[in-house]
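Input: a single structure, listed below in structure tokens.
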Amino acid sequence: DAGVTQSPTHLIKTRGQHVTLRCSPISGHKSVSWYQQVLGQGPQFIFQYYEKEERGRGNFPDRFSARQFPNYSSELNVNALLLGDSALYLCASSLGSLSSTDTQYFGPGTRLTVL
Amino acid sequence: AQKVTQAQTEISVVEKEDVTLDCVYETRDTTYYLFWYKQPPSGELVFLIRRNSFDEQNEISGRYSWNFQKSTSSFNFTITASQVVDSAVYFCALSEANRDDKIIFGKGTRLHILP
């Protein structure tokens, strides 16, 4: 079975540009979460989506947005890129049941470099 | 407030030695989940274990074992007879139930297994 997939693997952008990162969850998983991991730190929660609706949001500016599609894949968008947005962006999928916290399984990440 | 502390930034041991990675957490909730993830150089977070707050039984999986003690808010991870392939960054993490499933990660412990 395929795990969580993310594209692209690497990305180089310049300040002020916009970027879209993509994620496909494990088959059967309905929830997708996004995390930002800067070098030397643990991942920081950005968003969670379940059944195409935002279920949670971390402490990130409005330049960060996301959405989930009917097939449960997801996009993370970042506008007006700053140097500090350079990081590994991780997508995680989970079953998404509302009755308990499900285990999140992570993809390989997209490494974004902002110049 | 939720918080996960991994006081050991970096550990180096010689192959076949046992090593314990420490994790201390803070939460006001009575229902929560604790996790350990492994992040090899490839960057993908690999799920190792999930433990809920009502289950204090220690767990053993091959060379890996986990010691959960609510009295000290600790969830330590021991690798027995370490191998070079165990070299990675290990993250301890916390998720509170009835929230948005976001995972709060510690800063990670970088483990070097020397041949």
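Values in this text are rule-based calculations from the coordinates and carry no lab data. All figures in this text were calculated on a predicted structure; none of them were measured in a lab. Glycine also receives a Cβ, built like all others from the backbone with ideal geometry; neighbour counts cover every protein chain displayed.
Once you keep just the Cα pairs under 8 angstrom separated by 6 or more residues, what percentage relative contact order results for chain A? Relative contact order, chain A: 36 percent.
Most fluctuating residue of A:Gln36, A:Gln68, A:Gln104 in a GNM of chain A with Cα springs under 10 Å: which is it? Top of the fluctuation ranking is A:Gln104. By the Cα gyration tensor, chain B has an equivalent ellipsoid whose semi-axes, rounded to whole angstrom, run 24, 15, 12 from largest to smallest. Distant-in-sequence amide contacts of B:Ile11, defined by a placed amide H-H separation under 5 Å and a gap of 5 or more residues or a different chain, comprise B:Arg110, B:Leu111, B:His112. Treating r as the C-beta distance of A:Leu83 and B:Arg110 and R0 as 22 Å, the FRET efficiency rounds to 0.35. Taking chain B as a Gaussian network of alpha-carbon nodes connected by springs under 10 Å, the highest mean-square fluctuation of the residues B:Asp22, B:Asp86, B:Asp101 belongs to B:Asp101.
Partner lysines whose Cα lies under 30 Å from the Cα of A:Lys52, excluding those fewer than 8 positions away in the same chain, are identified as A:Lys13, A:Lys30, B:Lys3, B:Lys38, B:Lys102.
Under a point-charge model restricted to the Cβ atoms of Lys and Arg (+1) and Asp and Glu (-1), what is the dipole moment magnitude of the range B:63-111 relative to its Cα centre, in debye to the nearest 20?
Value, rounded to 20: 120 debye.
Annotation: amide H of A:Thr5 within the under-5 Å range of A:Ser24, sequence separation 5 or more or interchain, hydrogens built in the peptide plane. The Rg/Rh ratio of the range B:28-75, with both radii computed over alpha carbons and Rh defined as the Kirkwood radius, is 1.02. Taken about its Cα centre, the protein assembly as shown carries a charge dipole of about 600 debye when Lys and Arg each add +1 at the Cβ and Asp and Glu each add -1 at the Cβ.
Here the dipole of the range A:1-70 is about 240 debye; that uses its Cα centre as origin and unit charges on the Cβ of Lys and Arg (positive) and Asp and Glu (negative). Look at the dipole of the protein assembly as shown built from charges on Cβ: of B:Val24, A:Val4, B:Gly62, the Cα furthest out on the positive end belongs to A:Val4.
Largest GNM mean-square fluctuation across B:Arg63, B:Arg51, B:Arg28, computed for chain B with C-alpha springs under 10 Å, falls on B:Arg28.
Shown here are the Rg and Dmax of the Cα trace of the range A:34-102, at 12.6, 39 Å.
Modelled spin labels at A:Arg22 and B:Val84, positioned 7 Å past Cα toward Cβ, are 3.8 nm from each other. Counted residue by residue at 0.36 nm each, then reduced by the alpha carbon distance between them, the extension gain from B:Ala7 to B:Asn58 reaches 16.2 nm.
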